[in-house]
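See below for the structure under consideration.
Every number in this text was worked out from the coordinates using simple rules, so none of it is lab data. Treat the numbers as computed from the prediction; the structure is a model and nothing was measured. Cβ placement follows ideal geometry from the backbone for every residue including glycine, while neighbour counts extend to all protein chains displayed.
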Amino acid sequence: MRATRIIFRRELAAYLASPMGWIVAATVLLLDGLLFYAQALGPAAGARLSADVLSRFFWTTSGLVAIAAVALSVRLIVEERQLDTLVLLKTSPVRDREVVLGKFLSAFAFLGGITVLTIYMPLLIMVNGKISIGQVAIGYLGLFLIGGATLAVGVFASSLTRHPLLAAATGAALTGALFLFWPLSYVLEPPLSHVFAGLSIHGRHFSGFQLGVLHLRDVVYYLATTFFFLLLSTKVLEAKRWE
Amino acid sequence: MLRASGLAKYFGGKRALGPVTFEIGRGETVGFLGLNGVGKSTLLRIVATDLRPSAGALEVDGIDAVRDPHAVRRRLGFLPQVPPLYPEMTVGEFLRFAGRIRGMEDDALERRIPAVEELTHVGEVRDEPVRHLSLGYRQRVGVAQAIIHDPELLILDEPTHGLDPAQVVEMRALLHALKERHTVLLSSHNLPEISQSCDRLLVLDAGRVIAQGSEEELSARLLGARRIEVTVRASAGADAVAACLRAVDGVRDVAPASLAGGGPNDVAFTVEATDDVRAEVCRALVLAGHDVVRLDESREKLETIFLELVQERARDADHLPA
């Protein structure tokens, strides 16, 4: 765990020192604020129940968090390959899983920071409407979980190649596919529709968090997805030593 | 310290290295010599546990590097051809990171950093971001990260790659300092550099070790003679100088050599002898009334050995049955 902590600290410092991290943070917060204004406060918003406004906030924020997660995570390993610095980690007494975990946790901490900064919007709803702290907490738990899962997808895409654009395209395509599984499940017949709905990263698994309802199966799904893609990333790093 | 047996590496179906077998003793400085693309970097990356071999065995300090690379990594420091540096970090931050990632505790690291900075002369750029450093400083920081944890085995892949002549001289001095504390593996296609820095050479060609030994051993085996370069300000013509050289005991052959610069009466010869006859040659020339302008062992010696080896191997390959 010591190596994970060392890599986590270096990567987090790299996010804070790079314009990329701040650009992603600023874009997410700006877009989220604008969408919230349009949905809840703007002239076209209309009269809505505060629970409905909160649900829409979590729906839009979850999409933005997923996009930010891909943008933040695809640099994690691909950049090391581009700079030829990965060799330093690979020839140090550090296990590949510690490298992957340290990098993932740093991106998760940065993304978590961005996500927490959106709290003023649910607080505005809370001040002006009727929602419970539990609803907000469960919604944020969902945002952290979907953020973690999409970050893991991005880390995996980053582990595959040394070309940043290819890594970004792969990360976006994988995340997009996981999002599209939900609408796809509507047009397919059982049992395929059940499979696609079960694998969907949004829709079925996020709708509970959006409404303030906590299902254990959704938590397990996100944790399992995160673990699966981080494990794949570790295996890719290990396999590349054999190439 | 290091034992490689039948080590081979394939990238896809293409053989990049091996099989190679060699041993390196503790405290030795060994140079891997070869043209670009013969497998030097692949071999060093395998020894550094960055790559896994496709076949063969590798032991470092008695530890199986294929089965337990983690334990081997504690004992080695590696400088690849491109130093692995994070551009946004300052040199000080980077060295601390490199030490910590190699398992050093903070108090040991704080004691070690001044010694490494002094040895590699990077103290003056301690607070500079790596992205602002010159190529020479980057290379030195690369060496500093490789030795920060005081490893027993130091692996340097083309340490003078891309450096200007002044920086090459500085790097050579640094290598001499490192030899005192570490077992050093060094790769280069720069013959004078490897000749001056290493106790023993392993010559690679087409992924195989085609010869190994000290420069003298390789020279005796392949050339069967020592070569001396002599430049003389001839007072009585080149023939008289050549005759004078041939008369020296131990001289086997005297051949005219090309002359770079010098006076109008200067003539240069390459003298081939069975032993080191520099003193005898000088004495004979002076007694014969010739002014000796330059007398040295042939700087082309290692180039000649290397070319002989590569050409000999090419001839062998030509004679193999189809």
Dividing the helical contributions, -39500 (n - 2.57) per DSSP H run of n ≥ 4, by the residues of chain A yields a 222 nm value, nearest 500 deg cm²/dmol, of -27000 deg cm²/dmol
Dividing the surface of the Cα convex hull of segment B:99-202 by four yields a projected area in nm² of 6.9
Relative contact order as a percentage, segment A:68-225, C-alpha pairs under 8 Å and 6+ apart, gives 31
In this structure, the FRET efficiency calculated for B:Asp150 and B:Ser214 from their beta-carbon separation, with R0 = 22 Å, to the nearest 0.05, is 0.20
Full extension between B:Val169 and B:Tyr10 adds, at 0.36 nm per residue less the Cα distance, a length in nm of 53.7 nm
Taking the protein assembly as shown, the equivalent ellipsoid from its C-alpha gyration tensor has semi-axes in Å, biggest first, of 66, 24, 19
Interchain or sequence-distant (5+) residues whose placed amide H lies within less than 5 Å of the amide H of B:Val293 are B:Thr231, B:Val232, B:Arg233
The convex hull of the Cα atoms of segment A:79-133, divided by residue count, gives a volume in Å³ per residue of 94
With only helices counted (DSSP H, runs n ≥ 4, each -39500 (n - 2.57)), the per-residue ellipticity at 222 nm for chain B, to the nearest 500, works out to -11500 deg cm²/dmol
So the angle from the long Cα axis of helix A:164-187 to the longest Cα principal axis of chain A, reported in degrees to the nearest 10, equals 40
Working note, segment A:43-170: Cα radius of gyration (Å, one decimal) and Dmax (Å, whole number) are 18.3, 61
Which residues qualify? For B:Arg15, with a placed amide H closer than 5 Å and at least 5 residues away or on another chain, they are none
With the label point 7 Å along the Cα-to-beta-carbon line of A:Ala51 and a cut-off under 13 Å to each amide N, the hits in segment A:108-139 are A:130-136
note: chain B, Cα-Cα separations exceeding 38 Å make up a percent value of 29
For chain B, averaging the sequence separation of alpha carbon pairs under 8 Å that lie six or more residues apart and dividing by its residue count, the contact order in percent is 18
Rounded to the nearest whole number, the Stokes-Einstein translational diffusion coefficient of chain A at 10 °C and 1.306 mPa s (Kirkwood radius, C-alpha pairs) in µm²/s is 85
Here the relative contact order (percent) of segment B:1-130, from C-alpha pairs under 8 Å and at least 6 apart, is 21
Listed by chain and number, the residues whose amide H is under 5 Å from that of B:Ala65, excluding neighbours fewer than 5 places away on the same chain and using placed H, are B:Leu58, B:Glu59, B:Val60
Taking every DSSP bridge whose two residues both lie in the protein assembly as shown, the antiparallel percent to the nearest 5 is 70
